[in-house]
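The values are calculated or read from the model by the stated rules, or taken from the named source; none is laboratory data. All of these numbers come straight from a predicted model, not from anything done at the bench. Here the Cβ positions follow ideal geometry from the backbone for every residue, glycine too, while neighbour counts run over all protein chains shown.
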Amino acid sequence: MRKERASCPLRGVGGIGYNQNGNDRKEGISMTDVTSAVQIVMPQHCNGYQTPRLFGGQLMAWIDVVGAVAARRYAHCAVTTVCVDHLDFIAPAHLNDTVVQEARVTWAGRTSMEVRVDSFVEKLNGKREMVNRAYAVYVALDDEGQPSPVPPFTPETEEERQEYAAALERRKLRLAR
Ligand SMILES: CC(C)(COP(=O)(O)OP(=O)(O)OC[C@H]1O[C@@H](n2cnc3c(N)ncnc32)[C@H](O)[C@@H]1OP(=O)(O)O)[C@@H](O)C(=O)NCCC(=O)NCCS
C-alpha cells in the first residue's frame, strides 16, 4: 500500500500562482503559462567544426533546465527528470546565435508532468526558426525526495487539448517500454 507522504506546500488548485513573496496565491496566473529562457551561443557551447555549431548535449542541458522550471512552477515544489524520450534536432544553431526556449506543461498525472520545450534561433531582426522540439517528463518530489501529487491539468485551448491527447499516447508508449 502506498505510504502517505508530506506533500508539496500550497498545492492542489489549478489556474492560480504565488504572489511576489512566494507564500500566498493570487488569481490570474495560468498554470500553463510559458516558461522562457534565452542564451547566446558562446565558443564553449560549440563543437570543433570549421563553422562551429551548438553542441547537442549543451542544448539538451538547457532544455532540461527550462523544462524543469516549467514543471516546478506547475507543481510548486522540487522536481526530478524521469524521462526525455522525444527530442528532434530540426536545424542547427551556430556560434553567436541567440537561442530562445519556451517550455509549457502539456499533461499532468498523479505525480508526473509532461513538458514540451521548443527551442528557436532568433535572428537579429527578431525572426525565429525552430531548431528543436522536446518532450520531457518530470516527477514532483516532497521534502523526503519521494513522488508527490501535482494539481490536475485541464486543457483549455484547442492546442492544449491536442497536446494533451498526444501526451496521453506518448505516456502509453513510455510506460509500455
Ligand atoms: C523519478 C522517480 C522519483 C520515480 O520514482 P518511482 O518509485 O518510479 O515512482 P512511481 O512509480 O510512483 O512513479 C512516479 C511517476 O513517474 C512516472 N514514471 C516513472 N517512470 C517513468 C517513465 N520512464 N516515463 C514516464 N513516466 C514515468 C510514473 O508513471 C508516475 O507518474 P504518475 O504518478 O503521474 O502516474 C525515481 O525513478 C528517480 O528518482 N529517478 C531518478 C531521477 C533522476 O535522478 N533524474 C536525473 C536528475 S534530475
| remark: By residue number, the members of segment 136-168 that are in a loop (DSSP other than H, G, I, E, B) and either in contact with a Gly (Cβ under 8 Å, 6 or more places away or on another chain) or within 12 Å of the ligand (Cβ to nearest atom) (or both) are 142, 144, 145, 146, 148, 149, 150, 151, 152, 153, 154
| field | Condition check for residue 98: out of contact with any Phe, Trp or Tyr (no Cβ under 6 Å at 6 or more places or on another chain), crowded, with 16+ Cβ neighbours inside 10 Å and modelled with pLDDT under 95 | value | no
| task | Identify the single condition in (1) under 23 Å from residue 37 (Cβ atoms); (2) touching a residue at least 40 places away in the same chain (Cβ under 8 Å); (3) under 19 Å from the mean Cα position of the chain (by Cα) that residue 164 does not satisfy, given that it satisfies every other one. | result | (1)
| Is it the case that residue 133 is basic (Lys, Arg), modelled with pLDDT of 95 or more, part of a strand (DSSP E or B) and more than 15 Å from the ligand (Cβ to nearest atom)? | yes
| said: If I filter segment 109-123 down to residues being in contact (Cβ under 8 Å) with a residue 24 or more places away in the chain and of a type in the set (A, V, I, L, M, F, W, C), which single residue comes out as farthest from the ligand (Cβ to nearest atom)? | reply: 121
| note | Condition set surrounded by 13 or more Cβ atoms within 10 Å (Cβ to Cβ) and modelled with pLDDT under 90, scope segment 31-56, selection nearest to residue 77 (Cα to Cα): answer is 31
| Tally of residues being more than 12 Å from the ligand (Cβ to nearest atom) and farther than 19 Å from residue 161 by Cβ across segment 74-101 | 17
| If you scan segment 121-146, which residues turn out to be in contact with an Asp or Glu (Cβ under 7 Å, 6 or more places away or on another chain) and surrounded by fewer than 20 Cβ atoms within 10 Å (Cβ to Cβ)? | 128, 130, 133
